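Rule-based calculations on the coordinates, nothing more; no lab input. Every value quoted in this text rests on a predicted model; they were computed, and no experiment measured them. Reconstructed Cβ throughout: ideal geometry from the backbone, glycine too, with neighbour counts over all protein chains shown.
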Amino acid sequence: MIGRRGAAAFLAVPPYLWLGLLFVLPMVIVVAVSLQPGSGRINFGPGWPGTAQYGQIADTPVYLRQLGLSVAMAFGVAVTATILAFPLAYFLAFRAREHAGTFLILLLLPFATSFLLRIMAWKLLLGHDGAINWLLTTLGIVDQPSTLLIYSRAAVILTLIYVWIPFAALPIYAALQRIDRSHLEAAADLGAGPWTRFFRVTVPLSLPGVLATMFMVFIPTVGEYVTPVLVGGPDGVMYGQLVQDFFTRAGNWPLGSALAVVMLVTTLALVALATRVIDLRRLV
């Protein structure tokens, strides 16, 4: 008869196997390909493994500059989306009451449509003949449609913020739901006003969810390439487009893999540094 530990180990095998096949193994393959000595065709022959691809990245400042720019854009998107998502989550947790389920469904409704369709909608809104330019010209704010709204870095940031706000609200909402309401009642009994309770009780207790939200938005945004392609144009290029171009147009998988590994290591290092610098227990 299988004991409790044996049953737990048996149940853990499928998820570990799934994780190994679909996450660990692909990452190992990417790292192995990045150690190819040449470019183009994948060939684990003489000279493998080598660091020629990483040397090329180090000798090409534009790659690292683009990575730094993408990290800065991802950080701005993560901070802004988290700040804008907090009021939504707060409303769902503390004000919606019996209608919380309905509002939660409305919040998740954008996920029922294609990610690409949502990006294309913003492309139409920001376009030369889009709704925003039409409104600006109708109100007389501008004489002719502006070309600054689309195919720019600002358009990429604005679209990504819109895409991530519903997603960012969910972990914050979960963190707010876990707050013991007796803490707020105790603060009110001690004479704390609504704003004092919000900043001294609600915000500190929700910080783990807020920081988790920032990480969850920041990490995938660093490697984003679909949104910059559709609304960014030449001025809104991000690091993920470089990786995608080397895998598709250039057909240089070793260099594309090396760029992907550099992005992954940089992102993990930044997240690890943030978790070391920010002491959640001290903040709470």
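Structure data summary
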item: Estimated inter-spin distance, PHE94 and GLN177, nm [label 7 Å along Cα→Cβ]; result: 1.8 nm
item: Choice from LEU184, LEU104, LEU149 with maximal GNM fluctuation in the chain (Cα, 10 Å cutoff); result: LEU184
item: Calculated FRET value between ALA186 and ARG5, using beta carbons and R₀ = 30 Å, to 0.05; result: 0.10
item: Among 244-257, 211-224, 106-119, the order from most to least packed when residues are scored by Cβ within 10 Å on average; result: 211-224, 244-257, 106-119
item: Cα-based shape type of the stretch 1-111, given that a ≥ b ≥ c are square roots of the gyration tensor eigenvalues and the cut on a/c is 1.5; result: oblate
item: The stretch 1-104: trypsin sites (Lys or Arg not before Pro) in DSSP loop, at most 12 other beta carbons within 10 Å; result: ARG41
item: Label selected from [x] 0.98; [y] 1.25; [z] 1.06, the criterion being Cα Rg over 2.2 N^0.38 Å as computed here; result: [y]
item: Cα gyration tensor, the stretch 184-266 - rounded (a/c under 1.5), prolate or oblate; result: prolate
